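Right, one structure below, let's go through it.
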Amino acid sequence: MSLFILASLVTPGIGLIFWTAIVFLLLLGILGKFAWKPILTAIKTREEGIEKALGAAERALNDMRELKSNNEKMLVEARNERDALMKEARETKESIIAEAKNKAQKDADRILAGAREQIINEKNAAVAELKNQVASLSIEIAEKILRSDLSTDEKQKALVNNLMKDVNLN
């Protein structure tokens, strides 16, 4: 008996099955009319949003890769430009130094040439002055000789001795 009671509790009655089926079908109809379309629309919208997000993430990843590649290229270009600028600066420095040396050498040569010319001019002036003094002395001696009577050798010797005493070599 206990098995029979247990079996009757587990086995549903036909009325219960009928009403359960009606409620289930009614629930399916209500859900189909009011809930399935919004739920499916929400799921489809969510799926499209996820696909768009995945596409955007892929584009962002590609953009990041491209930016990284561009950054590396720019870095290489910047290094090359820096090296070129440094090379140009060194060449300019060497050029300026060489130009300054050449200018200094030209100035030194010009100053030396001027000094040599000045020395030659002063030497020529000193020689001319000496010639003028010798000429002046010669004229004085000639005047004194002509003024004195040079008839005898003794007078001539005496005149020369007197003239030698008068001449100051300094």
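Bear in mind these aren't lab numbers, they're just calculated from the coordinates by the rules spelled out. Note that the structure is predicted; figures quoted are calculated from it, not measured.
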>> On a straight-distance basis, which aspartates and glutamates could pair with Lys103 in a cross-link, Cα separation under 17 angstrom, same-chain partners fewer than 8 positions away excluded?
In response: Glu94
> In degrees between 0 and 90, to the nearest 10, how far off the longest principal axis of the chain does helix 14-30 point, with axes built from Cα atoms?
Replying inline: 30
> Which of the following values of Rg and Dmax of the Cα atoms in Å was calculated from the structure shown: (1) 15.4, 45; (2) 17.6, 56; (3) 65.5, 204?
Replying inline: (3)
> For region 121-136, what does the Karplus curve 6.51 cos²θ - 1.76 cosθ + 1.60, with θ = phi - 60°, yield as ³J(HN,Hα) per residue in whole Hz, taken in order and with x for Gly and Pro?
Replying inline: 5, 5, 5, 4, 5, 5, 5, 5, 4, 4, 4, 5, 5, 5, 4, 4
>> Nearest 10 degrees is fine. How inclined is helix 153-166 to the longest principal axis of the chain, computing both from alpha carbons?
In response: 30
> Whole-Hz Karplus ³J(HN,Hα) for region 40-49, in order, using 6.51 cos²θ - 1.76 cosθ + 1.60 and θ = phi - 60°, x for Gly and Pro?
Replying inline: 5, 5, 4, 5, 5, 4, 5, 5, 5, x
>> Give the lysines whose C-alpha is closer than 28 Å to that of Lys52, dropping any in the same chain fewer than 8 places away, or say none.
In response: Lys37, Lys44, Lys68
